[in-house]
Structure formats: C-alpha cells, structure tokens
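So the structure is just underneath, and the comments pick up after that.
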Amino acid sequence: GDYSCSFTYSAQGGTNEQWQMNVGVSEDNGLFSCSIWRPQGKSYLFFTQFKAEVKGAKIEYAMAYSQAAVGAQSDIPLKEEEFEITETTVSHREGKFRFELSKLLIVAKPPREEL
C-alpha cells in the first residue's frame, strides 16, 4: 500500500546472522506494523547505531529489545534512555545506547481520510 518501513544500521562483528523483517497492515487498514528481529534470539552484533523509519503513517507504539524471545526466554527491552521515538522514527540515543539490539517493533497509524 502507501506505507513503507526502512531499517538502517551500523554494526561490527557477527557472522552469518539471520535477521527477518515483517511488515503488515490490519484488515481495516487502521494499523501498520513493522518488525525487525533475529529469530535465534540474541544478536552478537555490536550495533553502533540504528534507525527504523516509517513512511505514510505515524508511530503509535514502538519498542526496541536487546534480546528477542526464543524458547522459554522472553524479550528483554532496552532501557528507555537507550533509544528515542519520534512520529516516524525509532533510533539509538547517542551516548546512552549500549550497543545491543535483537528486535525492533513498530506499530503506526496511517492518517484517516475525512469523509
């Protein structure tokens, strides 16, 4: 549709890590979601920076995780001071981000067309 999600980053280390990115729209087109994660759980990449950006919608909810759920393990969220959320982006916070990222989740709402 009219929505897009992009993920840019800079990282060191890690070999052959498999990552996935999913984008979806709710049935009523009321919500757009974008998730980027490592299905194996924890990433061993040393992230120096990251930014996810949505186009065509405004972020309603976003969360970044240092570890993604796998088996009996749960998602482990980053501390609030490690990243920042604007209307259209989620990104690392310089000097506060601890270089760990394994999952990023964004839920955004497209502008409603008035009748």
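Per-residue accessible area for Ser10 at 1.4 Å probe radius, Å² rounded to 10?
Its accessible surface works out to 40 Å², give or take rounding.
Any idea how many Lys pairs in the chain come in under 22 angstrom at the alpha carbon, given 8 or more places apart or on separate chains?
Close lysine pairs found across the chain: 14.
All other residues with a Cβ under 10 Å from the Cβ of Glu80 taken together, and with Lys, Arg as +1 and Asp, Glu as -1, what is their net charge? Let's see the in-between values first.
Numbers: positive: Lys79, Arg93, Lys96; negative: Glu81, Glu82, Glu84.
That works out to 0.
Taking the simple approach of a point 7 Å from Cα along Cα-to-Cβ for both Arg98 and Phe46, what is their distance in nm?
Each label point lies 7 Å from its Cα, and together they span 1.7 nm.
May I ask you to give the percent of accessible area on the chain that is carbon plus sulfur, with a probe radius of 1.4 Å? All intermediate terms of the calculation are to be shown ahead of the outcome.
Working: 3410 of 7280 Å².
C and S fraction of accessible area: 47 percent.
Taking all pairs of different Cα atoms in the chain, averaging 1/r and flipping that mean, what Kirkwood radius in angstroms comes out?
Numbers: mean 1/r = 0.0683 Å⁻¹.
Taking the inverse mean of 1/r over all distinct Cα pairs, the chain comes out at 14.6 Å.
With a 1.4 Å probe and all protein chains left in place, how much accessible area per residue does the range 4-109 have, in Å²? Let's see the in-between values first.
Numbers: 6160 Å² over 106 residues.
Value returned for the range 4-109: 58 Å² of accessible area per residue.
Largest first, what is the accessible-area ranking of Tyr44, Tyr65, Tyr9, Tyr3 with a 1.4 Å probe?
Details: Tyr44 160, Tyr65 25, Tyr9 130, Tyr3 55 Å².
Descending accessible area places them as Tyr44, Tyr9, Tyr3, Tyr65.
The values are calculated or read from the model by the stated rules, or taken from the named source; none is laboratory data. Everything numeric in this text was worked out from a predicted model, so none of it was measured. Because the Cβ atoms are built from the backbone with ideal geometry, glycine has one as well, and the counts that use them run over all protein chains shown. Remember, those area values only see protein heavy atoms, side chains included, never the ligands or the DNA or RNA. Shrake-Rupley method; radii C 1.70, N 1.55, O 1.52, S 1.80 Å.
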